[in-house]
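Worksheet: one structure, shown below.
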Amino acid sequence: MPASLYLVATPIGNLEDITYRAVRTLSEAGLIACEDTRQTRKLLDHYRISTPLVSYHEHNEKARAAELVERLAAGQSIALVSDAGTPLVSDPGFRLVEQAIANGIPVVPIPGPSAAIAALAASGLPVDAFRFGGFLPPKSGARRRELERLAGAAETLIFYEAPHRLAETLADVVETLGPTRPVAVGRELTKLHEEFLRGTAGEVAALAAAREPLKGEITLLIGRAAGPPAPAGPDEIRAEIESLVRGGASAMDAMKEVARSHGIGKRDVYRIWEDH
């Protein structure tokens, strides 16, 4: 094979989800760089591929990338894989691709499985525009701030999530985006216990909380905002907050409610309130 860096997508669960081209590339490459050699060896054994393996993960990426670029420059072809799915998508590999391109080494994508795209297609949410956000912050405060920032997004939002955090994350979705925002959760995609939870944020959050802890790989999808933010100026927003406060709500709860109703961030509402 030509001395190139091949980015090979591998199955996210079902070992049959691999292309002929991917099998051929893994068989003919001089070396396979992978996150976990034990995990990748299972795939190679299934397809009787004997290409040697070298570890390439977040803890050795800096040093190993330089080493692999030297091999590529010397004429060796290298296939890069992640433990599952498409390399670089929430997985190591960017540093290696960046250095290969800088050194004039061809980078060749071998497309295939991706949990984000598989979940999107089956979610029942709009697919004409979407935004992949990797993993949301693990701490609730930072996670809520990120969700608030995306509150008015006109695209379907896609995130990966750890199963032990799913119920807490869905509770934050309800709090920041409202209980009626459409949501879908894909669990264990392509595997024996594949499952989708679909409904409003409130409904799916209740399902997840009742079954906590869920197990397996999780993809979380959040439907886009129902429409453009209501055309409300600062005076109208302040008047709504004052009305809610007179009705007995705290200023903070009133700002949250106004932010939800207008599809804008709480920080923007807070600034308007503080300026009055």
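The values are calculated or read from the model by the stated rules, or taken from the named source; none is laboratory data. What you are looking at is a predicted structure, and each value in this text was computed from that prediction instead of being measured. Here Cβ is always computed from backbone atoms with ideal geometry, including for glycine, and neighbour counts include all displayed protein chains. Heads up: the accessible areas ignore ligands, DNA and RNA and are worked out on the full protein's heavy atoms, side chains in. Shrake-Rupley method; radii C 1.70, N 1.55, O 1.52, S 1.80 Å.
When Rg/Rh (Cα atoms, Kirkwood Rh) is calculated directly from the model, which label among (1) 1.01; (2) 0.93; (3) 1.09 fits? The value computed from this structure is option (3). Expressed as a whole percent, the accessible surface of the chain that belongs to carbon and sulfur atoms is 53, based on a 1.4 Å probe. Largest first, the extents of the alpha carbon coordinates of segment 28-73 on the three principal axes equal 30, 23, 8 Å. For segment 190-276, the Kirkwood estimate of hydrodynamic radius, built from reciprocal distances between every pair of different alpha carbons, is 15.8 Å. Protection proxy ranking of 200-210, 171-181, 134-144, by the mean of other Cβ atoms within 10 Å over each peptide's residues and highest first, is 171-181, 200-210, 134-144. The value obtained for segment 44-163, namely the Cα convex hull volume divided by the number of residues, is 169 Å³ per residue. Taking Cβ atoms as reference points and 13 Å as the exclusive limit, the residues near Leu221 contribute a net charge of +3, counting Lys and Arg as +1 and Asp and Glu as -1. Of the cross-linked pairs Lys62/Lys215; Lys215/Lys256; Lys139/Lys266; Lys42/Lys215, those separated by over 26 Å at the C-alpha level are Lys62/Lys215; Lys215/Lys256. Taking label points 7 Å from Cα along the Cα-to-Cβ direction, Leu192 and Ala210 give a separation of 2.6 nm.
Our analysis of segment 65-126 gives Rg over Rh at 1.10, with the two radii drawn from alpha carbon positions and Rh computed by the Kirkwood formula.
Anything in the chain that counts as a DSSP H helix reaching 15 Å or more along its axis (C-alpha) with Kyte-Doolittle mean of at least -1.0? List them, would you? Length and hydropathy pass: 61-73, 166-177, 234-246, 251-262. Local charge sum around Leu189 (other residues, Cβ-Cβ under 12 Å, Lys/Arg +1, Asp/Glu -1)? Its environment carries a net charge of -3. Antiparallel beta bridges, as assigned by DSSP with both residues in the chain, represent about 50 percent of the total such bridges. When you work out D = kT/(6 pi eta Rh) for segment 233-276 at 25 °C and 0.890 mPa s, using the Kirkwood radius from C-alpha pairs as Rh and the Stokes-Einstein form, the result is 248 µm²/s. Per-residue extension of 0.36 nm, minus the Cα-Cα distance of Ser261 and Ser55, leaves a gain of 69.2 nm for this segment. Counted residue by residue at 0.36 nm each, then reduced by the alpha carbon distance between them, the extension gain from Asn103 to Lys139 reaches 9.1 nm.
In the context of the full set of protein chains, the chain has a per residue accessible area of 50 Å² (1.4 Å probe).
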